[in-house]
1. What trypsin sites (Lys or Arg not before Pro) does region 251-325 have in DSSP loop regions with at most 10 other beta carbons within 10 Å?
2. Which of the aspartates and glutamates could a cross-linker bridge to LYS294, judged by Cα under 19 Å and excluding same-chain residues fewer than eight apart?
3. So for ILE282, ILE213, ILE384, fewest C-beta neighbours within 10 Å to most, what's the order?
4. Using 1/(1 + (r/R0)^6) with R0 = 25 angstrom and r between the beta carbons of VAL229 and GLU323, what's the FRET efficiency to the nearest 0.05?
5. For region 209-222, in order, what is each residue's ³J(HN,Hα) by Karplus, 6.51 cos²θ - 1.76 cosθ + 1.60 with θ = phi - 60°, in whole Hz (x at glycine and Pro)?
6. Give the calculated FRET efficiency between SER263 and MET242 to the nearest 0.05, with a Förster radius of 51 Å applied to their Cβ-Cβ distance.
7. Using the Cα gyration tensor of region 209-321, with a ≥ b ≥ c the square roots of its eigenvalues, what is the shape: rounded (a/c below 1.5), prolate (a/b larger than b/c) or oblate (neither)?
8. Using a cut-off of 28 Å between alpha-carbon atoms, which lysines can reach LYS10, once sequence neighbours fewer than 8 places away in the same chain are excluded?
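Computed from the coordinates by the stated procedures, all read-outs in this text should not be read as laboratory data. Given the structure is predicted, the values throughout are model-derived calculations rather than measurements. Cβ: placed from backbone, ideal geometry, glycine included. Neighbour counts: every protein chain shown.
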Amino acid sequence: MATKWKNTEKWKRCREFVRKIWKREEVRLFVGIVCTVFSLLMFEDILHGQWFATEDTLKEGGFMNLFLGFGIWGILSFCLRFKYRRWNPGRDGFYQEWKNKLKRQQIFLGAVELAALWASIMNFLYIYEHMWNYANLSTGYVLVITALVQGILCEMIVLAFMKRKLEEYMESLEKINRQSLQAALRSEQMKVDLISNVSHDLKTPLTSMVGYIELIKKEELTDVVSDYVEVLSRKAQKLKEMIDSLFDLAKTSSGNVELKMESLEMNRLIEQVYADMEDQIIRSGRELVVSLTKEDTGFTADSSYMYRICQNLLENALKYSQEHTRIFLKTMVLPGQEEQQKVCFEITNTAGYRMEFTKEQIVERFARGDESRTTDGNGLGLAIVNTYTAALGGTFDVNIDCDQFKAAVEFLK
């Protein structure tokens, strides 16, 4: 057993040594040249052996093709690797360059193969016409078969080489994409962490400032100072609301949030938001047209998050709609199978500015459709709606048609 094991280990080492030697380009080139020279000698022997028996001619032609195939494989492989030794699969435009090179190589090989086939056919016709009574036609057959077989072999070698290059390109592309994705995820996580940390650090001093401003308002102040304090109070409150929104948005985006899912009614939710914002609606001068479906609008979600979604959509419409226009609020149950029915809340308004943006742009943080910034928005309203809706498992969609801005949220019943 010990002797057998030793012999097996020696055989493995021998195979590894041969495989290592065979991988060297100069070794394969040398073997290719030797095989090619040997096949050419056999080729010459076949040409001068016009009176050989058919069986002998075909046998020698088969060996000639075998050696010539090894020779072509070694030499052509070496030439391809040497020619494209500096061809980097990782650079830009590689795929288009790969297609162009493959096309040129196929055209060149096709021309060479046609030329070789034409020459072998001419040789066969010459033998047939001038030496029919004296020569064996198998010589002509061998040359025609050789041209076809070696042409196909050359094509296979080139395709195999180009396939390896394409695989290298795909591997490098996959590596780059993986690295880019990891970098993007790290960058996004860093932004979320930065926003969360900065928002949290700002909330404490800002809360103190708001508290002290409220205390100052209770003191006896002159009319001028009282106006200043009132402005400070409004601006500080607005800043506090924006920081709170930014903190909640970052927290939700990171997935670090606990949802309290419960059964809700979309119609009741819209009525509640409408009632809570009635004073704001009256001050805006807009007319609200509310159309609530009579169907059951029950669904499952977090009530606080859903309230914020509907509130933000209505506030967005009030801020950015044209003065003295109507805003349409609508609920509906979208048709579908019982398990796939959806409850939808849709709000439509006429914009008071040119809407030169896409859905993807408007739901980004701090993105505003009103580029002149004459309104009181901070660019977080629709970003919060988009993030909260996704967290609750719903879908948020925006449709822009000329001056009509339509936003809709959908949830499974």
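1. Passing sites in region 251-325 are LYS260, LYS294.
2. Partners found: GLU265, GLU271, GLU338, GLU346, GLU410.
3. So the ranking, lowest neighbour count to highest, is ILE282, ILE213, ILE384.
4. Working: r = 30 Å, r/R0 = 1.21.
The calculated FRET efficiency here is 0.25.
5. Once rounded to whole Hz, the list reads 4, 4, x, 5, 5, 5, 5, 5, 5, 7, 7, 6, 10, 5.
6. After rounding to 0.05, the efficiency reads 0.95.
7. oblate
8. Leaving aside lysines fewer than 8 places away in the same chain, those within reach of LYS10 are LYS20, LYS23.
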